[in-house]
Amino acid sequence: MSIFGSMKTAVSGMNAQANKLSTVSDNIANVNTTGYKAASTSFSSLILPSGGGSYNSGSVETNVSYSVTQQGDAISTNSGTDLSIRGAGFFVVQGADGSTVLTRAGDFTPDANGNLVNSAGYTLMGYSYASGAPAVVVNGFDGLVPINVNQSGLANSASTSGSFTGNLNSNATTVTDPNTLPSKNGANSATVTANTQKSSVVGYDKLGNTVMYDVYYTKTADAKPADNTTNPPTPATSGTWEVSVFRNADANTSGSGSSFPYSSGPVATSTLTFDTNGNMASGGKFTITDPTTAGSIAMDLTSMTQKASAFASTGSTNGQAASPVTGVTIDKNGVVYANYAKGDPKAIYQIPLATVASPDKLTLMSGNVYQANADSGVTVTSFANSNGLGYIQSNSLEASNVDLAGQLTDMIQAQKSYTANSKVFQTGSDLLDVLVNLQR
């Protein structure tokens, strides 16, 4: 046995325990760091060849790894731009130097330009909806832009489509005098609405102005049997209705109790025919052409029915009135919506998630970010809730996965092991003193 060998072994043991204490120190220091993944130290022995009745002590080496795949607890917050990933995946972020890396730290806040930046200074990246719904680039970061929540100015969009659902009473009175039909614009305003049902729907012009349309339904024919003498044969019907649409702004305001006569003719008319089951057979689609706004709205009434039940009708159009942005929300799929004071939210970005084959092998960098390498595998990008990736939770942060009690235990063990190794070194030193003193 070599005394020097035993001393060197003790030194390697002290160095190994010092490395363990360093990881424990890092873990304890980052116990409150958002998305931090605990480091751990593993030991492996280096054995030297021995023989001839002599044993040569080896040494020990350490390897540091990170429990990246172990998810931390979710912490609720009051900020809608605080994000956590519940499941697999990483946010794609960009550093000040333009490098694109991965992180689980989702404590994002808008900077002076409105870009979402986390506490380490990394900017959240995503795909823009400026050219329509985005498509993910699975094997790279091309097409990604900073997520910007500073949506200033007014936004609006003209209505281009709409729909109605509901029921027309099959027992309604049939109107046989064409002069009392709404399509005649109220030639006989005293009777035009007597057997007519009315709904209204709001649309929007190109400037974001609200435009209301009055929709009238009038039964014009009762059930008819099939006519096989025609070519092709005419199927049986359970009723026919006229639909007429007017601009509400053109309605009569004389106080007569009726909106008729309107100051202008209908902006759309159509005929609805129902089959013997009371479902739409023909005429369920038409276009509102508004000469005042120069707009066109494609209407779909194919879901309307004609049953022996009271009249009911609900409708809607797309588009949005001119309105300022009041804030943003982020859903579980990572879609960032701009919210308006009036109108529906509008998708402006989608946040992708990235992953690698072996997340625990990623290279850790300053700022709690990771970079892919040969051991981790290549980066694959996709959207949340797809391809095995988790979902994004707003108003939430992922806590550090450090077990503080476990770290304190490891610290005590490392301390004791370091002390024991130092005793081995001290004993070797004492033996050298004995050996040196033999010559005296």
Residue count, segment 199-247 (criterion: among the basic types (K, R), over 20 Å from T176 (Cβ atoms) and either in contact with a Phe, Trp or Tyr (Cβ under 9 Å, 6 or more places away or on another chain) or modelled with pLDDT of 95 or more (or both)): 1
Verdict on M411 being within 30 Å of T81 (Cβ to Cβ), aliphatic (A, V, I, L, M) and touching a residue at least 40 places away in the same chain (Cβ under 8 Å): no
Pull up segment 183-194, narrow it to residues that are hydroxyl-bearing (S, T, Y) and touching a residue at least 60 places away in the same chain (Cβ under 8 Å), then point me to the one that is surrounded by the most Cβ atoms within 10 Å (Cβ to Cβ). S183
List, please: which pairs have Cβ atoms under 7 Å, are six or more places apart or on different chains, and start with a residue in segment 129-147 that is in contact (Cβ under 8 Å) with a residue 40 or more places away in the chain and end with one that is of a type in the set (G, A, S) and part of a loop (DSSP other than H, G, I, E, B)? V137/G143
Would a scan of segment 371-382 turn up a residue that is in contact (Cβ under 8 Å) with a residue 40 or more places away in the chain, closer than 30 Å to N139 by Cβ and within 15 Å of the chain's Cα centre (by Cα)? yes
Going through segment 20-39 one residue at a time, which ones are in contact with an Asp or Glu (Cβ under 9 Å, 6 or more places away or on another chain) and closer than 15 Å to S417 by Cβ? K20, L21, T23, V24
Among the residues of segment 66-103 satisfying the criterion of being surrounded by 22 or more Cβ atoms within 10 Å (Cβ to Cβ) and small (G, A, S), which is farthest from V31 (Cα to Cα)? G89
Restricting segment 164-182 to residues that are among the polar types (S, T, N, Q) and not in a loop (DSSP other than H, G, I, E, B), the one surrounded by the most Cβ atoms within 10 Å (Cβ to Cβ) turns out to be T180
Being at pLDDT 95 or above, of a type outside the set (A, V, I, L, M) and on the phi > 0 side of the Ramachandran plot narrows it down to one residue among N385, N333, N368, N395; which is it? N395
Check whether at least one residue in segment 239-246 is exposed (fewer than 15 other Cβ atoms within 10 Å of the Cβ) and touching a residue at least 40 places away in the same chain (Cβ under 8 Å), and report yes or no. no
Among residues of segment 392-406 being of a type outside the set (G, A, S) and crowded, with 18+ Cβ neighbours inside 10 Å, the residue nearest to G334 (Cα to Cα) is I392
Against the condition part of a strand (DSSP E or B), at pLDDT 95 or above and touching an Asp or Glu at 6+ places or on another chain (Cβ under 9 Å), how does T273 come out, does it pass? no
Filtered residue count, segment 277-335, keeping only those that are within 25 Å of the chain's Cα centre (by Cα), of a type outside the set (S, T, Y) and either assigned to a loop (DSSP other than H, G, I, E, B) or more than 25 Å from D214 (Cβ to Cβ) (or both): 12
Can you confirm whether segment 306-314 contains a residue that is free of Cβ contacts under 8 Å to residues at least 40 places away in the same chain, basic (K, R) and surrounded by fewer than 18 Cβ atoms within 10 Å (Cβ to Cβ)? no
Residues that are more than 18 Å from L362 (Cα to Cα), in contact with a helix residue (DSSP H, G or I) (Cβ under 7 Å, 6 or more places away or on another chain) and surrounded by fewer than 18 Cβ atoms within 10 Å (Cβ to Cβ), drawn from segment 22-46: I28, V31, F43
Please verify whether segment 275-296 includes one or more residues that are closer than 29 Å to A135 by Cβ and touching a residue at least 24 places away in the same chain (Cβ under 8 Å). no
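Results for (1) within 30 Å of P324 (Cα to Cα); (2) surrounded by fewer than 13 Cβ atoms within 10 Å (Cβ to Cβ); (3) small (G, A, S), shown as yes or no for each residue.
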residue: T196; (1), (2), (3): no, no, no
residue: G203; (1), (2), (3): yes, no, yes
residue: G208; (1), (2), (3): yes, no, yes
residue: M212; (1), (2), (3): yes, no, no
residue: T220; (1), (2), (3): no, no, no
residue: P225; (1), (2), (3): no, yes, no
residue: T229; (1), (2), (3): no, yes, no
residue: P232; (1), (2), (3): no, yes, no
residue: P235; (1), (2), (3): no, no, no
Just one of S259, S263 is surrounded by 18 or more Cβ atoms within 10 Å (Cβ to Cβ) and in a loop (DSSP other than H, G, I, E, B); which is it? S259
Within segment 137-163, residues of a type in the set (V, I, T) and surrounded by fewer than 17 Cβ atoms within 10 Å (Cβ to Cβ) come out as V137, V138, V145, T160
Subset of segment 333-382 (residues that are within 21 Å of S119 (Cα to Cα) and of a type in the set (G, A, S)): G334, A354, S366, G367
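The values are calculated or read from the model by the stated rules, or taken from the named source; none is laboratory data. These figures come from a predicted structure and were not determined experimentally. A quick note on method: Cβ atoms are made from the backbone with ideal geometry, for glycine too, and the neighbour counts reach across all protein chains shown.
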